[in-house]
Amino acid sequence: MRKSGGITPPKVEGDTELLTKEWQQYKSGTDIRGVACEGVPGETVNLTDEAVTKMTKGFALWLADHEKKDVCNLTVAVGHDPRLSAERLRADVVNALTSCGVHVLDCGLSSTPAMFMITQDMECDGTVQLTASHHPWNRNGLKFFTREGGLDGKDIEAILLHAQNGDEPPAGKGTVEPVNYMKQYCARLRDLIRKSVNAEDYDHPLKGFHIVVDAGNGAGGFYANDVLAPLGADISGSQFLEPDGRFPNHIPNPENETAMKSVCEAVVKAKADLGVIFDTDVDRGGAVDTKGEEINRNRLVAIASAIALENCPGGTIVTDSITSSGLKEYIEKTLGGKHHRFKRGYRNVINEALRLNAEGVECPLAIETSGHAAMRENYFLDDGAYLVTKIIIKAAQLRAQGKTLEDLLAPLREPVEAIELRFPIKKEDFRAAGEAVISELTKYAAAQDGWTIAPDNYEGIRVSFDKAHGDGWFLLRLSVHDPIMPLNVESDTVGGVKTILKELSGFLNGCSDSLDLAPLEKAL
C-alpha cells in the first residue's frame, strides 16, 4: 500500500489491529463525536486538545493517501457550528494541520453542507467541520469531507487507528487563509430560486411571500437574512436566528417535538405562508404549512419525492426503514415512482442510492424521515438549506397556479395512529443482545396468525398486521449509534396501535433480561 508522509495507512477491514475502547468511543457512525465541555453531571470531557490533535493528524494522513499527495501539499477547509467548544476545537484542528505543512482555509461559522460545497468551488482537497448535529450543547465532533462526499465508517476507523497508533506526518509549516465561503454558498441558493421561480421581478422573486425561519440558535440564521430577505421575502416572525451554542430556546432539531411546536406556533402567529426549521449545522430541515401543520417525516418525504420525480419520471426514491405504508402508496400510485425502503442512517440511504444509480436504476433522491435529504442533482449531499429551498420554489410555483403545498399532499394517506417506543438495552454487549432479540422475534413472527414479515426490509424486523390483529405494522430495530431498540408502530384503525402492542407483548415480555420494557408498560 502507498505510504503518505512515511506512514503506512492502517488497513481496517480484515486487519488484526482493532480500535481500543478508548478510541472506539469516538466513532459515531460516519462522524467522530464526544464530550467537549464540562457542566453535565456524569459526563467527562473526552474531546481533549490532545485527542483532537491526534485525530486531525490522522485525517491528514488518511487524506494524503486518498488524494495521492504529500501531506504538506494538501489544502483543507475548517468550519464549525456555534457550539461553546467550537473555538477551542478549531484552534486544535488548525494548529494540527499547519504543524504538518497543510494550507488551511479558515471558514469560521459555517453550515455542514457548505463545508462540502467548498470542495467543489475552491481548490480544496478536504474539509473538517466541527459539529455534533442536534446533540446537547456540551457535545461536539469532527465531520470530514472530500470532493467525493462524506467519509464512510471504515474511513473513520482508519483515522482513529492513526490516532491510536500515534502516527504523525512529517513536521511542516503550513499557512492559514481566512475565507468567507458562506457568502458564495448563499449566492448559489439565491440564484437557484431566481432561475426556478421565474417571476416577473427576477431580482425579488419572493416578494409578497411570507416565510418564517427557525434556526434554533444554530448555524442556520443565514438562511433568513442572506438568502430569503435579499429575494424580497417577508421574514418577519422568524426566530432564534442568532447563533448561541447554549441553544437556550429549544433543541435545534426538526424531529424534536418542542422545536416543531415552536415553529408551528410562530407561523400561525405571523400569519405566514410557510415556515422552515433547521438542525444545528443545517444538514437537516423541516417545514410548516400556512395552517401551522408540520411538513415533517412522511409528509416531508412525500414533498421531496414529488419534487425529485418531476424531472425523473418513474424514478426510485430511497428512504429509511420507518416510512409509512401510505407514503409507499403516494410515491408509487400518486407520483408514479418506485419506493425502495432501506436502512436507517443517512449514509446508508445515500450509499444505497449511489449503488442503485451505478447499476443503472434512476434514483434522484435519498431521504430519511429525520430530515436528511440528498438529491442527485446536488451531489447526493444531505443539505437542509437546499431541501427547503426546493420546497420554497415548489410553493412559489404552486402559488402562481392558485394552489398550495397542502394540495400537493392531499392524496397522502396518513396513519390514524402512530407511536415510537425506545427500549434501553440492559446488556453491555448491546449490539449482540439486540440482534438476538431480532432473530428470535423473526422466528416468533413467522408462526403467528395475522402477522406478515415484510419482504422488502433491510434492518431489524418489520411486520404487517391484518384488520383482525391491529390493521397496521411495526418495525423493531437497533439504533444506529446508541444501546437502544426503537419500536415504531402505525395503524389505520383507532385503537390499532394498542392492539399491535398487546400482540407484540406476548414476545417482548420474555425479553426482560435484555430490554427495559418500561416504555411498553406505559403505553399499555
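What follows is calculated from the coordinates using simple rules that are stated; it is not laboratory data. Since this is a predicted model, take the numbers as computed values, not measurements. Note that we place each Cβ from the backbone using ideal geometry, even for glycine, and neighbour counts take in every protein chain shown.
Find out how many positive minus negative residues lie around GLY232, taking Lys and Arg as positive, Asp and Glu as negative, among other residues whose Cβ is under 9 Å from that of GLY232. Don't jump to the answer; show the numbers that get you there.
Working: positive: LYS207; negative: ASP201, ASP203, ASP234.
Surrounding charge for GLY232 is -2.
Among LYS271/LYS394; LYS269/LYS498; LYS333/LYS403; LYS328/LYS390, which pairs are too far apart, with a Cα-Cα distance over 24 Å?
Working: LYS271/LYS394 19 Å; LYS269/LYS498 35 Å; LYS333/LYS403 21 Å; LYS328/LYS390 21 Å.
Over 24 Å Cα-Cα: LYS269/LYS498.
Which lysines, if any, have their Cα less than 27 Å from the Cα of LYS57, not counting same-chain residues under 8 positions apart?
Qualifying lysines at Cα under 27 Å: LYS3, LYS11, LYS21, LYS27, LYS68, LYS69, LYS143, LYS154, LYS173.
In a shell of Cβ-Cβ distance under 10 Å around HIS103, excluding HIS103 itself, what net charge do Lys and Arg (+1) and Asp and Glu (-1) give? It would help to have the intermediate numbers written out before the result.
On the way: positive: none; negative: GLU123, ASP125, GLU177.
Around HIS103, the surrounding residues sum to -3.
Arranged by the count of other C-beta atoms within 10 angstrom, fewest first, what order do GLU459, GLU435 take? Spell out each step's value before the answer.
On the way: GLU459 20, GLU435 13.
Result, fewest neighbours first: GLU435, GLU459.
Neighbour counts of other C-beta atoms within 10 Å: give me THR175, THR119 arranged from fewest to most.
Values: THR175 11, THR119 21.
Neighbour counts put them in this order, fewest first: THR175, THR119.
Which trypsin sites (Lys or Arg not before Pro) in the range 23-100 sit in a loop by DSSP (not H, G, I, E or B) and have at most 11 other Cβ atoms within 10 Å of their own Cβ?
Numbers: sites: LYS27, ARG33, LYS54, LYS57, LYS68, LYS69, ARG83, ARG88, ARG90; in loops: LYS68, LYS69.
Of the trypsin sites (Lys or Arg not before Pro), the ones in loops of the range 23-100 whose Cβ has at most 11 other Cβ atoms within 10 Å are LYS68.
Scan the range 385-416 for trypsin sites (Lys or Arg not before Pro) in coil per DSSP, keeping those whose Cβ has at most 16 other Cβ atoms within 10 Å, and list them by number.
Details: sites: LYS390, LYS394, ARG399, LYS403, ARG413; in loops: LYS403, ARG413.
The qualifying sites are LYS403, ARG413.
Taking the DSSP beta bridges in the range 184-409 as the whole, what percent of them are antiparallel, to the nearest 5?
On the way: 12 of 25 bridges.
Antiparallel bridges make up about 50 percent of those DSSP assigns within the range 184-409.
Under 1.5 on a/c is rounded, so check that first for the range 300-365, then, if it is not, pick prolate when a/b is larger than b/c and oblate when it is not; a ≥ b ≥ c are the square roots of the alpha carbon gyration tensor eigenvalues.
Values: a/c = 1.83, a/b = 1.13, b/c = 1.63.
Here the range 300-365 falls in the oblate category.
Which GluC sites (Glu not before Pro) in the range 342-426 pass both tests, a DSSP loop state and at most 16 other beta-carbon atoms within 10 Å?
Values: sites: GLU352, GLU359, GLU362, GLU368, GLU377, GLU406, GLU417, GLU420; in loops: GLU359, GLU362, GLU368.
Those that pass, being in a loop and sparsely packed, are GLU359, GLU362.
Can you spot the aspartates and glutamates whose alpha carbon is less than 13 Å from LYS343's alpha carbon? Ignore those fewer than 8 places along the same chain.
Of all the aspartates and glutamates, those that pass the test against LYS343 - Cα under 13 Å, at least 8 places apart if same chain - are ASP320, GLU352, GLU368, ASP456, GLU459.
What percent do you get for the relative contact order of the range 21-179 when only Cα pairs under 8 Å and 6+ apart count?
Rounded, it is 34 percent for the range 21-179.
Any lysines with Cα under 19 Å of the LYS502 Cα? List them, leaving off those in the same chain fewer than 8 positions away.
LYS443, LYS467, LYS522
Could you please report the charge total around SER196, scoring K, R as +1 and D, E as -1 over all other residues with beta-carbon less than 14 angstrom from its beta-carbon? All intermediate terms of the calculation are to be shown ahead of the outcome.
Numbers: positive: ARG188, ARG190, ARG194, LYS195, LYS390, LYS394, ARG399; negative: ASP191, GLU310, GLU377.
Summing Lys/Arg as +1 and Asp/Glu as -1 gives +4.
As a check on your grasp of the helix formula, calculate [θ] at 222 nm for the chain: sum -39500 (n - 2.57) over DSSP H runs of n ≥ 4, divide by the residue count, round to the nearest 500. Display every interim value, and only then the final one.
Values: 15 runs with 179 residues, N = 524.
Result for the chain: -10500 deg cm²/dmol, rounded to the nearest 500.
Run the numbers on the chain and let me know its relative contact order in percent, using alpha-carbon pairs under 8 Å that are six or more apart. Can you show the working numbers first?
Numbers: 1152 pairs, mean separation 54.7, N = 524.
Across the chain, relative contact order equals 10 percent.
Could you tell me whether the chain comes out rounded, prolate or oblate from its Cα gyration tensor? Rule is a ≥ b ≥ c as square roots of the eigenvalues, rounded for a/c under 1.5, then prolate if a/b exceeds b/c, otherwise oblate.
Here the chain falls in the oblate category.
Assuming a ≥ b ≥ c are the square roots of the Cα gyration tensor eigenvalues, decide whether the range 69-118 counts as rounded (a/c under 1.5), prolate (otherwise, with a/b larger than b/c) or oblate. Intermediate results must be reported in sequence, preceding the final value.
Details: a/c = 3.45, a/b = 1.41, b/c = 2.44.
Note, shape of the range 69-118 comes out oblate.
Determine the percent antiparallel among the DSSP beta bridges restricted to the chain, to the nearest 5.
Rounded to the nearest five, the antiparallel share is 60 percent.
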